[in-house]
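Heads up, the thing below is written out as structure tokens.
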Amino acid sequence: MGELPVTLVLKDLSKSFVGEAKVEVEALSHINLEVRDGEFVSVLGPSGCGKTTLLRIIAGLDNASGGRILLDGNVIDGPCPRMAMIFQEYSLYPWRTVIDNIAFGLEMKGMEKQQRREKAFEFLELVGLVDFAGNYPYELSGGMRQRVAVARALAIDPQILLMDEPFGALDAQTRNMLQRELLEIWEKTKKTVVFVTHSVDEAVFLSDRVVVLTPRPGTIRDVVSIDLPRPRERTGAEFARIRRYVLDHMEHAAASSKV
Amino acid sequence: MRYLRFLLPILLVVGWEAASWIISNPFILPSLTTVIPILLHPFSPEFTLGTGSMVENAGISIQRVGMGFLVAAAVAIPLGILMGRSNLFNDFFDSIIELLRPIPPLAWVPLALAWFKIGLTSIVFIIFIGAFFPILLNTVDGVKSVKKTWLEVATTLGAKERQIMIKVILPGAAPTIWTGLRVGFGIAWMCVVAAEWLPGISQGLGYLILYAYNFGQTNLIIAGMIVIGVIGLLIDFVFKRVERRWFSWRGLER
């Protein structure tokens, strides 16, 4: 990992907003993180720790209250086509067929219909849904829909994939399958991935590094590097050890914030 | 019991014939045998007291509704999109719309006459009022119901404001807007009949049935009513077909 260049830098990111009781709530506090090119980083934390907010700030969907984001040395302030976001749910356009959903980003760039369909088809192949090109999202299972969402994000050839609990709404079996597929795609396409999840198991299975956030305000409790070779065996002793370790950190983080 | 739905209409027809035979006063209840010939000769001017054939009258009514309806859609849809997108616009227009909406379209008739005099403009105005509010309110609803994630996906995929409007907001709101158009058209069709009772009008289905009343031709009144009902039904059917064809995803967003 060491020799890969740093691509995404979060410098002192903070976010606060005025909550319901008109009290200022600090959601994120002084987040510093460097993500290397081609790295798979998970942001792990309990719900309400601001991990989704962090991802939305990186994607340019929310503004930070303080700090900066650098992509290859350039300051990012707003949506940037070099990063694509994958949402948990409701992200496909129900009036578009699968192929036209995948081609959406290319269409926005002004690519010709024939050309963008061909391109979209490549990514449809990548996620193994060639037979469903002409189907509508409501005709697909939850797992298939997320595959389409991944294909759509990849189609615009982003440098970084931002994934916001993308498998959170799926059943355990589908979830495991999609995790394996995601790793295959990641290895094939060599994208950088920032993956938000609340599942320790998921984070340890997928990531090169796991960033553990504390709840309210979200701060980085620890960054755990995972050197296990892939594909990882969930039942292996080493996997269990790392899982235990990360879980302890998460629980500590939760406990310390309550004080 | 697939055929049960036909039972009541058949009983009604039989009861009608029986009643008209007992009453034996065609002004109160004419026999169906005097109504059906009118319906069987829609192109003939001989059955309509010299007002032009049934088809001609229907064509004129449809034309009037079409005009009022199109103007209503052309104003209500853009305004609805603005109001759905911007709270500023919404707050600005909302109170006046809530104030005007409960006024029945026909209550506008005297004012329409004062403003536009007797003639086509007044009729089109009444129809406009009838169709306007359902289209507007549904458009606002439709635009507001566009999922935030749809917009954010477009933003992260590099869509510009104009592209988001055309490629996300409009198609996302389209099913609800279409419902507004359908309801609006239904109300417009009801309004045209009454609007054609305005003084100085000499054609149209509404005019025809009132004119028939003046001549005591109840069979023509009933034939006219049936035509009005059937046309309304057919147009609603077309709206529903389009809805099923294009907007079948509605309610299935996942």
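For chain A, the longest principal axis of the alpha carbon atoms and the long axis of helix A:113-126 meet at an angle near 60°. Over region A:1-104, the hull volume per residue, using the convex hull of the C-alpha atoms, is 144 Å³. Annotation: lysines with alpha-carbon distance below 25 angstrom to A:K113 (same-chain offsets under eight excluded): B:K160, B:K167.
A DSSP coil position with no more than 13 other Cβ atoms inside 10 Å describes the following trypsin sites (Lys or Arg not before Pro) in region A:14-58: A:K22.
Each of B:R182, A:R152 was scored by other Cβ atoms within 10 Å of its Cβ. Arranged with the fewest first, they read B:R182, A:R152.
As a proxy for reagent exposure, A:K190, B:K144 were ordered by neighbouring Cβ count within 10 angstrom, fewest first; the result is A:K190, B:K144. Computed over the protein assembly as shown, the quotient of the alpha carbon radius of gyration and 2.2 N^0.38 Å is 1.36. Taken over chain A, the alpha-carbon convex hull comes to 140 cubic angstrom per residue.
Near A:L178, once Lys and Arg are set to +1 and Asp and Glu to -1 for all other residues with Cβ below 13 Å from its Cβ, the sum equals -1. Projected onto planes of every orientation and averaged, the convex hull of the alpha-carbon atoms in region A:168-259 covers 6.5 nm². Residue-normalised convex hull volume from the C-alpha trace of chain B: 164 Å³ per residue.
Each residue of region A:80-97 was assigned a 3J(HN,Hα) from its phi angle through the Karplus expression (A = 6.51, B = -1.76, C = 1.60, θ = phi - 60°), giving 9, x, 7, 10, 10, 9, 10, 9, 5, 8, 6, 9, 7, 7, x, 8, 10, 6 Hz with x at Gly and Pro.
Label-to-label distance for B:L170 and A:Y138 is 2.2 nm, based on points extended 7 Å past Cα in the beta-carbon direction. Annotation: amide H of A:R36 within the under-5 Å range of A:T7, sequence separation 5 or more or interchain, hydrogens built in the peptide plane. The phi torsions of region A:42-55, fed into the Karplus equation with coefficients 6.51, -1.76 and 1.60 and a -60° offset, translate into couplings of 9, 10, 10, x, x, 5, x, 8, x, 5, 5, 4, 4, 5 Hz, rounded to whole numbers, with Gly and Pro shown as x. Under the combined filter of DSSP loop state and at most 13 neighbouring Cβ atoms within 10 Å, region A:63-145 retains these GluC sites (Glu not before Pro): A:E112. Under a 5 Å amide H cut-off, with hydrogens placed 1.01 Å from N, A:G218 pairs with A:L28, A:S29 among residues at least 5 apart or on other chains.
Couplings for region B:85-91, taken from phi via the Karplus curve 6.51 cos²θ - 1.76 cosθ + 1.60 with θ = phi - 60°, read 8, 10, 4, 4, 4, 4, 5 Hz in order; Gly and Pro are left as x. Beyond 32 Å in Cα-Cα separation lie the following of the pairs A:K11/A:K119; B:K117/B:K240; A:K51/A:K191: A:K11/A:K119; B:K117/B:K240.
Per-residue shielding of A:81-89, expressed as the average number of other chain Cβ atoms within 10 Å of the residue Cβ, stands at 3. Taking only the alpha carbons of region B:79-208, we obtain Rg and Dmax values of 18.4, 59 Å in that order.
Bear in mind these aren't lab numbers, they're just calculated from the coordinates by the rules spelled out. All figures in this text were calculated on a predicted structure; none of them were measured in a lab. Virtual Cβ from ideal backbone geometry, glycine too; neighbours counted across all protein chains shown.
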